[in-house]
Each structure stands twice: as C-alpha cells, then as structure tokens.
Amino acid sequence: MARKKRSKPQPPDKLMAALGRRGPNRVLRGDLGIVGTRGEVYTPASGERLPTIAFGHGWLTSTERYRDLCQHLASWGIVVAVPAGQSGVFASDDAMAAQLRSALSIVTRVSLGFGEITVDPTRIGLAGHGFGASAAVLAASDGVLHGQPQPAVRGVAAIFPAPTTGLLLPAARRLGVPGLVVSSIGELDTVDGNALPLARAWGADADSAGAVLRTPPGATSKGLLEHRGIGSLWGSNGADKKTHRAVRALMTGFFLHTLNEDPEYAAFADPDTVLGKVPAVDPDDPPEVQDRISKLLGAKERKRRRAGTPVPSGLPNAVVPDTIE
C-alpha cells in the first residue's frame, strides 16, 4: 500500500496570511457569570479536549473591545475565557492574574456550549493586552495568588504589555514557558509600554526558551481596541486593520504551536524567523528609535538585526452560549 504523501509545510508569509483570516469553526459566545465569575467565554461550536487560553483586558477597558479577536481565536479551535474583573482606576495586576487563573480552572472543569464541548486541562495558555498582558505574566509565574495556585500553562502571549508593579519583571524572570511579546518599535520601552525589558527578563532565571519579541509594522497598542459604530453595519470592528490582522495571526499561530504542539506553526515561536513582514527583534540589540528632530536633521536610523479565585461549589455542568456567531 502506497504511503500518503505528507503535504509540504507552508512558508511563514503564507501562514501569516492564512491565520489572519477567519478559521473553519463556527463560534459560540457564552456568559461566565452563570458559573460564578463575570466575563465571557468563546468556543468553537463543537469539539472535545480543546486547547484554551484566559485573556486579560487592558486598563480601563471592557472585554467587549476584544470580541472579534476572541472570536477569531475560537474560529481556529481555541477556547478563550475573558474574565471581566479589575476594570476600575485602581485595578490590581495580581488580582487580575488570580482571576485569569480562576477562569482557566473553571473552563477546564465544566462542559461548555450545550454541554458537548470540553477543554483539555493539559493544553492551556494565558494572554493579555496592556495591563492584562502583565497580569498574564504574573498568572503564569510561580506562587499562590489570592488563593489560586499556579496553572501548568504551555505558553503566554503579552500583547503590547504595559508596566504595572515591581512584581512583574521578577515574575517574568522565573517563567519556564515560551512567550510571545508583541509591540511596536515606538512602544518598546516607554511610560506606557515595557515590551523590551519584559522580553529581556523572560525566563532568565529558569530553564526556558524565553520570549520572541515581534514588532508588526504600523501596529499600535490602541489600534488593537475594537469599538462599535456605524461601521459595524458592514462588518467593521473599529480597530486598526493592520494591528488587528497581525495580532490575530501571531497569537493564533503561537498558540496552535505551543498548546497543540503542531510543528506546522513552529515558526511563530522561532526568533530567527520573519513572519511575512513581521520581524523578530533581538532584545539585546533593539533598533534605535529616533525622535522627530533627529530625522529632520537627516540622521539615519540603524538597521534592525534579526535575532538569531477558587471555583465555586455547586457549579452547573455547562456554560450555555447566548449567541452563535
């Protein structure tokens, strides 16, 4: 009997283009409130032992501003739980980290959808945007947070991470899992962004592959946020298209590789691979970002070098979706 030919792996630019588009699964959206915590959960319409992530929202930002991003991940087979706590001015990064841990604990213990969708507790990850990105790093690190033990995650994605407290970088140094850090060139190390120091610290004190730092051209932290307006009538989510497309593809490929151990997407965790137009930045040799005056005087920028809460008792046994999208 002739062996079936193995399909040739797609080049990175083709993978980026494919993963930037909606996946093959229909998506269900449900309310985490019926199992004891505020927030939402997005799942493929069917599946057993699916991979899952908990996603942390940005500071003073609602979970609704990430709806299309979460739906996109779910369309590629990844369950996404988005807790809605810590939305005030005095939000706590470690409290949000505990809520991310709790959300993972919940979705791995109950049936989802109409009772037929289950999550694999060995294939879990964490992600977040801005303030939520830093909370995701804390959630992945060791120690007990507000009664929540450390989850055995396989990967963490920090999307345009923001500085929070002095707990963050020491926690990042102890991380023993691969990471994806996404930022823009102008937000690598600022008052509002700490992607560069975070990537440098990642796994420094642990046996870890560290984090891949990627800078999609033209992407910004604010550009990721969705907002509903008249454009919603023809499918627009109000976010910057370049930012959204790049982040969708980067997160999807990274988690398909780290959670599913799918070798087809290994490039998304490889610091030596350029993904389409998205390079990986060497944290020890970052690009120089010039101010406007330097540019007006004719100075040339140096070229970038590519771098070689406990689950409540008496929970119902299913999270029933309120919409099918």
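Overview of values
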{"item": "Output for segment 129-172, where each listed residue is aliphatic (A, V, I, L, M) and part of a helix (DSSP H, G or I)", "result": "A133, A135, A136, V137, L138, A139, A140, L168, L169, A171, A172"}
{"item": "Candidate set from segment 268-292 (those that are open to solvent by 20 Å² or more (accessible area, probe 1.4 Å) and aliphatic (A, V, I, L, M)); member that is nearest to P121 (Cα to Cα)", "result": "A269"}
{"item": "Of the criteria (1) surrounded by fewer than 19 Cβ atoms within 10 Å (Cβ to Cβ); (2) under 23 Å from A84 (Cα atoms), which one E116 fails", "result": "(2)"}
{"item": "Filtered residue count, segment 86-101, keeping only those that are open to solvent by less than 10 Å² (accessible area, probe 1.4 Å) and either in a loop (DSSP other than H, G, I, E, B) or farther than 17 Å from P149 by Cα (or both)", "result": "0"}
{"item": "Exclusive hit being assigned to a strand (DSSP E or B), open to solvent by less than 20 Å² (accessible area, probe 1.4 Å) and aliphatic (A, V, I, L, M), set L69, L104, L73, L126", "result": "L126"}
{"item": "Among (1) more than 22 Å from V107 (Cβ to Cβ); (2) in a helix (DSSP H, G or I), the one test that D189 misses", "result": "(2)"}
{"item": "Criterion (of a type in the set (G, A, S), closer than 30 Å to G155 by Cα and modelled with pLDDT of 90 or more) met by exactly one of G276, G238", "result": "G276"}
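The values are calculated or read from the model by the stated rules, or taken from the named source; none is laboratory data. This structure is a prediction, so every number in the text was calculated from the model and none was measured. Positions of Cβ are backbone-derived with ideal geometry, glycine not excepted, and every protein chain shown enters the neighbour counts. Just so you know, the surface numbers come from the protein's heavy atoms only, side chains and all, with ligands and any DNA or RNA stripped out. Shrake-Rupley method; radii C 1.70, N 1.55, O 1.52, S 1.80 Å.
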